[in-house]
Amino acid sequence: MTRVFPELRWHFDSTDHPVAAEVAHWFEDVRDFDLVPLSDDPRLTADIHAHMPILKHDAEVLHRRWMPPLPFYDECYDLDILIRQVNADLFTTLPEVQGVHGRYTSGGRPMILLLCAVSDPQRLSATLIHEFGHHLKYMNGPSKDGFPMANWLLEEILAEQLVADCCGFTYLTHNKSCPPQAKETVHRFLIEEEDRDNLDLYDEIVDFTDSRDSGLHCYALANELIRLQRWTFAELLKMNDRAFRAALLESTDLWTDQGDAGEVS
């Protein structure tokens, strides 16, 4: 049976309200699924469930506005969203996420994982919207062109641009400034990744973006570029990483020291 629109399927997981074993099995390989133990805080449970109608409404609006027009949608396009209520260890494990953390994966089936340790409805909404941006890019975007640094920046800038559009700049999910040395490294990566045979460079870029400290610098740079308002979400959604890399390298002012770009909270 074909359908005119994909389905959004919502799941909740806590100590007192465990998610179905089948759903848990789907998410087992999603990064950070087992990052922290679950929580049984009844107040947090009540706050999350009270905010669920807003989350569902926001997701439906984004889904219907930005999904690509297709003659039909199969079940493989359905998106599963799991909110896991976790304890406050998330603060010490990943303090930069301020108690709410998200992951998106398109492997096998599209899934969004949200880890929530604090009652912060607006941050939960912003985190969902960020991860939803990755899903919309996956559904709309052209194939990757083999520029890992450009692709990483494109994906994160697009996701955060959607947050800025929906919630404002205050709720960008990472709030530090990018140090000049890290910005220089990213610029070098963008130039050198023209060499497609340099597999060592590819590994270096992956290590740089995956590292706790340098990865946060990359997020900070993404948010600095968003605050410049050079692109709209619609433009980024249709852009491939080759075109985005060219735009970054042609904008020479992006790589000069503009002073402290400031911080958002």
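The values are calculated or read from the model by the stated rules, or taken from the named source; none is laboratory data. Every value quoted in this text rests on a predicted model; they were computed, and no experiment measured them. Here the Cβ positions follow ideal geometry from the backbone for every residue, glycine too, while neighbour counts run over all protein chains shown. Please note that ligands, DNA and RNA were not included when accessible areas were found on the heavy atoms of the full protein model with its side chains. Shrake-Rupley method; radii C 1.70, N 1.55, O 1.52, S 1.80 Å.
Can you name the residue in the range 1-24 that is more than 14 Å from residue 84 (Cα to Cα) and open to solvent by 60 Å² or more (accessible area, probe 1.4 Å) and, of all such residues, is modelled with the lowest pLDDT?
1
Determine which single condition residue 185 fails, assuming it passes every other condition in (1) among the β-branched types (Val, Ile, Thr); (2) farther than 26 Å from residue 102 by Cα; (3) open to solvent by 50 Å² or more (accessible area, probe 1.4 Å).
Evaluating residue 185 over (1) among the β-branched types (Val, Ile, Thr); (2) farther than 26 Å from residue 102 by Cα; (3) open to solvent by 50 Å² or more (accessible area, probe 1.4 Å) leaves (3) as the failure.
When only residues in the range 78-95 that are acidic (Asp, Glu) and over 13 Å from residue 27 (Cβ atoms) count, which is surrounded by the fewest Cβ atoms within 10 Å (Cβ to Cβ)?
89
Quick check on residue 48: is it in contact (Cβ under 8 Å) with a residue 12 or more places away in the chain, touching a helix residue (DSSP H, G or I) at 6+ places or on another chain (Cβ under 6 Å) and open to solvent by less than 10 Å² (accessible area, probe 1.4 Å)?
no
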